[in-house]
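Following: one structure in structure tokens, then a few remarks.
The values are calculated or read from the model by the stated rules, or taken from the named source; none is laboratory data. What you see is a predicted model; the values in this text were computed from it and never measured. With ideal geometry, Cβ positions are generated from the backbone for all residues, glycine too; neighbour counts draw on all protein chains shown. Just so you know, the surface numbers come from the protein's heavy atoms only, side chains and all, with ligands and any DNA or RNA stripped out. Shrake-Rupley method; radii C 1.70, N 1.55, O 1.52, S 1.80 Å.
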Amino acid sequence: MQYSVFIFFLLLFVSPLAFSDSFSLKITEDLPAAVKQNINAHLGELPKTESERTAFVYSAKKNTLNAVKALGYYRAKVSTSAIDFVAAEQNKNNDNWVFVIDVVLNKPVVINELAIVVLGDASNDVEFTKLVNNIPIKVGDTLNHGVYENVKSDLLSLALARGYFNNKFIKANIAIQKNLLTAAIIIEFDSGRRYRFGEVNYNFDELNADVLNALTPFKTGDFYQQQLLQNLQSELDTTQYFGSVIVRPDIDNSQESTIPIDVSLTKAKRHQIDLGLGFATDTKENVSVGWKTPLVNRYGHRQETKVSYSTINPTGYFIYSIPLSHPNNDVLQFKALVEENDFADLTSKFMIFQIGRVYLKDQMLRQPYVRHLTEKWDADGVANKAEYFIPGMTWSDKTWEGSALNPSDGFREYYSAEGSYEALNSQTSFLRLNAQWKYITTFALKHRFVTRAELGYIIAKEDVGEALSPSLRFYAGGDQSIRGFAYQSVGPEVTLSEPGNSGDTIVTGGTNLIVGSLEYQYYFTEHWRGALFTDGGSVNNVNKLDLVYSVGTGIHYISPVGAIRFEVGYPISEEDPSLRIHFTIGTEL
């Protein structure tokens, strides 16, 4: 009889909601945001069918209590009711029901005792000490089951990442006092023994063992770390020797706390052909063909050949790399380059043969080299040719956060020093120094700031500056320099005396350079942003500033190949300024 009465009242309460045309939910408005969010998560989506509405109403009180208990409110009181909102508020006969959940939280459970003990080999592991010392639970905090579960999960994750594969919880419980006001958290975690790396087994016979061993960032007997396996995967991918790379610990065949590592490799295509099309206002349209051989032989040699044509800057190069101590971070490189370039008003053709070592040290890529430069150009009706034997050194580094094509934050630095000496069968003696920086930062979600700077200086005899080959001089102006000015149009000028051009002036480049840029960007959407910028700089053959500067604006579209930038610069330092359009595609770092 009692059971029948219960069913009767349940159906009496649920039926209007189950068969109503419209169903909405109202929860006590003055609840903390985290509590209301957790209640909604436990309740789930609002019901759409009659059966779903019945189940929703029937379980709502229980789900709400579970939601608030998870956040420590064990003394909370929950009641539910239903009202015909339209009928009550407007006295209209409309089947529009509102399901109301009233919650009174009362005092939460507070942690009055906390003990987290790590046993086994991990008791002496500094990473576990850091984890335990920085857990987000303290005595006096409100009990939060989610945070408690996260702590347990963090212990398990760290154990697996650092080779404690026989771990277990001896104790892991929350003891809530009868008064529902205080609780004790006790966790005892036994890591067991820590495993070590065993042998690394490569299934690849087309590469010498010493090349593969150089890529392995650990030795047999070292303590296991998941991060080192990820580093190995990254190193193998970076070589481009392989079509696929799979690195996995062979736990099933572990012995005496030692785990062998299996590395499954497939060979990359022997020859790779790349076709490219591009456009920039500086160099105009260009088409390129590239040919790579990622693995020439079993010693890890590789070659890259590329030919690129544009009306301004046709080039072709060949690079042959030989691994020294590391296939990615230490290689001997032979390079041949043929290029024609319009350096300001001078068209130059040059050929370079270079040998150098490219290696990584202290997170900076370094390249000592020696190159031979042969260059031809015409100036004022006179054909010029120069040859140089040039030793030099470059340093470069690049870091970023987010996408490599469109980083949210990043920094790039580049430095070079090279020179020549007449006694080395060179045209003249000089020392050329160059430094470049670029910094990107994003703040307040939609706001981005980009700044860059470049300095250059050539030490040479007073009469040598204009006699240097055009490719060795400094220029400014263009998409990547001072916008609002034509490509390499900023620099010292000379007056021509050649018949037909007598009295005309041409830009010849200088021996010292300073360029700076400030740019503010605002994201309208994820893929569109606007830009405001100012650029400025100076190029001279004497130690003084002759600044030119510009302002401008632009619109950028973030595409899968990098930012497509359409910008307009206005050279406000000029006597007769005019707008100049700049269009570029690619990464900003």
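Numerical summary
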| read-out | value |
| --- | --- |
| Shape parameters for the chain, alpha-carbon atoms, Rg then Dmax in Å | 35.1, 120 |
| Under 17 Å from the Cα of K269 - aspartates and glutamates, other chains or at least 8 residues apart | D205, E206, D237, E304 |
| Additional length obtainable on full extension of the chain from N66 to I176, 0.36 nm per residue less Cα span | 38.1 nm |
| Cβ-based net charge around T28, under 9 Å, with every Lys or Arg adding one and every Asp or Glu removing one | -1 |
| Dipole magnitude (debye, nearest 20) for the chain, charges at Cβ of Lys, Arg, Asp, Glu | 2240 |
| Where labels lie 7 Å past Cα in the beta-carbon direction, separation of I27 and Y457 in nm | 6.5 |
| Residue-normalised accessible area of segment 118-188, given per residue in Å² at a 1.4 Å probe | 53 |
| Net charge of neighbours whose Cβ lies under 14 Å from the Cβ of I572, counting Lys and Arg as +1 and Asp and Glu as -1 | -2 |
| Rounded accessible area per residue of segment 261-388, 1.4 Å, Å² | 52 |
| Inter-centroid distance (Cα atoms) of segment 523-581 relative to segment 198-223, Å | 50 |
| Estimated [θ] at 222 nm from DSSP helical runs (n ≥ 4, -39500 (n - 2.57)) normalised by residues in the chain, nearest 500 | -5500 deg cm²/dmol |
| Sparsely packed trypsin sites (Lys or Arg not before Pro) within segment 249-347, loop by DSSP, other Cβ within 10 Å at most 10 | R270 |
| Radius of gyration and maximum dimension Dmax of segment 285-426, Cα, Å | 17.8, 53 |
| Scaled radius of gyration (Cα, divided by 2.2 N^0.38 Å) that segment 515-589 gives | 1.28 |
| Rounded accessible area per residue of segment 456-589, 1.4 Å, Å² | 48 |
| Simple Cβ-charge dipole of segment 401-454, Lys/Arg +1 and Asp/Glu -1, about Cα centre, in debye nearest 20 | 320 |
| For segment 389-444, diffusion coefficient by Stokes-Einstein and Kirkwood Rh (Cα), 20 °C, 1.002 mPa s, µm²/s | 158 |
| At least 20 Å along the helix axis (C-alpha) and Kyte average at least 0.5, DSSP helices within the chain | 2-18 |
| Segment T129-I506, extension gain: residue separation times 0.36 nm, minus the distance between their alpha carbons | 128.9 nm |
| Heavy-atom SASA rank of W377, W395, W97, W291 (probe 1.4 Å, accessible area, largest first) | W291, W395, W97, W377 |
| Accessible-area composition of the chain, carbon plus sulfur, in percent [1.4 Å probe] | 54 |
| J(HN,Hα) series, segment 523-537, from Karplus relation 6.51 cos²θ - 1.76 cosθ + 1.60, nearest Hz, glycine and proline x | 8, 6, 9, 4, 10, 10, 8, x, 9, 10, 9, 9, 10, x, x |
| Rounded D (µm²/s) - segment 218-336, Kirkwood Rh over Cα pairs, Stokes-Einstein at 10 °C, 1.306 mPa s | 92 |
| D_trans [Stokes-Einstein, Kirkwood Rh over alpha-carbon pairs] for segment 98-159, 10 °C, 1.306 mPa s, µm² s⁻¹ | 114 |
| For segment 299-377, size of Cβ-based charge dipole, Lys and Arg +1, Asp and Glu -1, in debye | 320 |
